[in-house]
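Before any comments, here is the structure.
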Amino acid sequence: MWKPIRNSNQPLYQQIADDIERRISYGEFPPGSLLPSERKLAEQLGVNRSTVILAYAELRALGIIESRTGSGTRVSKYKWGATPKHTPNWHRYVEGGSFLPNLPFLRRIREALQKDKTLIDFASGELGADISPVEEINTLIDENHYTEYLGYDNPQGFVPLREILVAYLDQYRGIQTTESSILITSGSQQSLYLITQCLLTPGDAVAIEDPSYCYSLPMFQSAGLRLFRLPVDDKGVRPKDVRTLYKKHRIKMIFINPNYHNPTGTVLDEKRRMELLDVASELGLPIVEDDPYSLTAYHGTPPMPLKANDSIGSVIYIGSFSKIAASGLRVGWMVAPHSVVERLADARQQMDFGLSVVPQKVAAQFLRSSYVQPHLERLRTDLLYKRDLLIETLQKELPDLVSFSIPQGGLHLWCKIAPEVNDHKLLEEAIRNGVIFVPGSVYGSDSGYVRFTYARPKAEEIVAGTLKFASSLRGVLGKSS
Ligand code: PMP
């Protein structure tokens with residue numbers, strides 16, 4: 001909500017009352033709808049509760065709102081006309097629909113980050129501005145003016161971007177493809193959405209890693225899918241588990257993130273990759289290979305994707321600009337058999353008439369430029385530096401309370417903490433202390449795990465943030481330092 005202007009001539013409570021009245025008149029809070037509690041609004045606005053009490057009292061005196069014990073403060077139903085009018089029951093609509101809301105922990109994290117810009121952010125799974133190619137992208141935008149006609153573009157995505165991706169996928173990922181097998185998406189997220197909505201049917205069983213980024217996405221449940229777990233050990237998933245799940249539940253698809261897996265950082269073992277491809281082809285099962293992190297490999301060349309060895313077209317390969325350049329560009333890609341790409345492009349066209357051409361052009365120019373290789377090299381060095389800062393500080397501060405495997409690529413550290421720690425308490429304590437992370441249970445694991453994204457905070461924030469986390473953990477465990 002809006003922030004009060006502290007140096008205005010009007011008293012604060014009056015500014016708040018006026019703003020609420022304006023929002024009611026705009027229809028933001030329809031007649032009968034619930035307003036935030038006094039305590040919550042005071043917290044959101046950063047004012048004393050007594051100021052909000054005064055503002056509500058003013059609105060109540062004007063008949064604009066009404067409060068009843070036990071049912072909170074609501075917008076008056078009869079204020080806006082002599083005859084009662086029937087506002088749609090927005091609550092029922094909001095609760096309806098087939099799309100589930102985000103997980104409570106993720107909503108809490110989003111709210112905390114919006115409210116407090118000083119929080120040290122180990123939660124957002126993306127690159128910080130300091131390691132993103134901001135200058136390079138700005139230069140490309142300055143050098144290229146979009147004077148051409150901007151009409152609806154090809155439903156599969158901007159052709160020059162698909163063409164340059166053919167070369168990029170060959171050079172960096174060993175994937176041989178053609179531009180007609182590529183679908184440009186607004187990030188891997190949209191690829192996953194299109195796959196779950198268009199290639200699967202409610203009630204279908206699918207296998208996903210445990211833990212997995214996919215558990216943080218209610219979109220799988222929204223699509224009515226039944227999720228079955230493929231446990232991830234230090235070598236990734238076990239192909240024999242796929243066979244078992246197929247026998248037991250007739251799974252229809254496998255979702256895996258084999259390189260620097262989110263959240264654990266694990267790399268799927270070479271032998272298991274081959275076995276997985278064999279099992280999938282034997283059972284006629286498609287594999288969705290989600291591969292946003294591979295080019296962050298800290299040492300040497302990243303492992304080859306399954307797609308590079310997929311001679312029979314079992315694999316749908318998903319890539320993205322988000323974890324190697326800029327998540328806000330919203331550019332990702334999918335490589336799949338042409339019939340699949342065509343079907344998904346058609347569905348996407350029905351949803352939104354296709355992606356904006358502008359970020360696709362920027363992405364194409366970036367991939368065509370001489371910036372890519374030097375940027376990737378710098379990115380790896382910077383990520384490695386940030387990773388080491390985090391792990392050294394954790395080892396120093398919490399030697400007996402945390403354990404982890406050291407990731408060799410990616411943006412995240414998956415950290416085991418004492419299992420008796422209550423995720424909710426730890427997160428709230430950390431937010432109070434000025435740092436934020438994602439509790440492991442968001443990714444489907446038991447409590448007692450934490451995901452730190454070290455790519456996001458600036459290097460100088462990493463030590464301070466880790467110290468704040470350490471004191472929060474000791475605080476909830478009742479241990480002194
Ligand atoms: N897959 C994985 C494994 C991810 O970690 C993420 C982002 N956290 C995504 C997909 C979605 O990324 P984007 O849509 O930004 O490409």
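Determine if segment 215-222 includes at least one residue that is surrounded by 17 or more Cβ atoms within 10 Å (Cβ to Cβ) and away from the ligand (no atom under 12 Å from the Cβ). Within segment 215-222 (the criterion being surrounded by 17 or more Cβ atoms within 10 Å (Cβ to Cβ) and away from the ligand (no atom under 12 Å from the Cβ)), the answer is yes, since at least one residue qualifies.
For the residues Q360, Q350, the requirement of being within 16 Å of the ligand (Cβ to nearest atom) and part of a helix (DSSP H, G or I) singles out Q360. For segment 317-340, the criterion of being crowded, with 24+ Cβ neighbours inside 10 Å, part of a loop (DSSP other than H, G, I, E, B) and away from the ligand (no atom under 15 Å from the Cβ) is met by at least one residue. Listed by first and then second residue, the pairs linking a residue in segment 175-195 that is under 20 Å from F220 (Cβ atoms) and open to solvent by 40 Å² or more (accessible area, probe 1.4 Å) to a residue that is part of a loop (DSSP other than H, G, I, E, B) and near the ligand (Cβ under 9 Å from one of its atoms), with Cβ atoms under 8 Å apart and 6 or more places separating them unless they lie on different chains, are Q189/L217. Filter segment 22-37 for residues that are charged (D, E, K, R) and either more than 12 Å from I64 (Cα to Cα) or open to solvent by 70 Å² or more (accessible area, probe 1.4 Å) (or both); which is farthest from the chain's Cα centre (by Cα)? The extreme case among them is R22. Residues that are open to solvent by 20 Å² or more (accessible area, probe 1.4 Å) and either closer than 25 Å to W90 by Cα or in a loop (DSSP other than H, G, I, E, B) (or both) within segment 48-64 comprise N48, R60, L62, G63, listed in sequence order. Against the numbered list (1) out of contact with any His (no Cβ under 8 Å at 6 or more places or on another chain); (2) within 16 Å of the ligand (Cβ to nearest atom); (3) not aromatic (F, W, Y), K240 comes up short only at (2). Could you list, in sequence order, the residues of segment 260-296 that are in contact (Cβ under 8 Å) with a residue 40 or more places away in the chain, out of contact with any strand residue (DSSP E or B) (no Cβ under 8 Å at 6 or more places or on another chain) and closer than 29 Å to P202 by Cα? Scanning segment 260-296 gives V279, L283. Only residues that are more than 16 Å from the ligand (Cβ to nearest atom), of a type in the set (A, V, I, L, M, F, W, C) and closer than 13 Å to I436 by Cβ were counted across segment 87-141, and they come to 3. Just checking, does segment 245-254 include any residue being within 16 Å of the ligand (Cβ to nearest atom), at pLDDT 95 or above and surrounded by fewer than 23 Cβ atoms within 10 Å (Cβ to Cβ)? Within segment 245-254, one or more residues are within 16 Å of the ligand (Cβ to nearest atom), at pLDDT 95 or above and surrounded by fewer than 23 Cβ atoms within 10 Å (Cβ to Cβ).
What residue, among those in segment 197-211 that are in contact with a helix residue (DSSP H, G or I) (Cβ under 6 Å, 6 or more places away or on another chain) and open to solvent by less than 10 Å² (accessible area, probe 1.4 Å), is farthest from the ligand (Cβ to nearest atom)? So the residue we want is A205. Scanning segment 280-292 for residues that are open to solvent by 10 Å² or more (accessible area, probe 1.4 Å) and either farther than 27 Å from K323 by Cβ or within 16 Å of the ligand (Cβ to nearest atom) (or both) yields S281, E282, L283, G284, D290, P292.
The values are calculated or read from the model by the stated rules, or taken from the named source; none is laboratory data. The structure displayed is predicted, hence computed values, not measured ones. Glycine gets a Cβ as well: all are built from the backbone with ideal geometry, and neighbour counts include every protein chain shown. Keep in mind that these areas ignore ligands, DNA and RNA; they rest on the heavy atoms of the full protein, side chains included. Shrake-Rupley method; radii C 1.70, N 1.55, O 1.52, S 1.80 Å.
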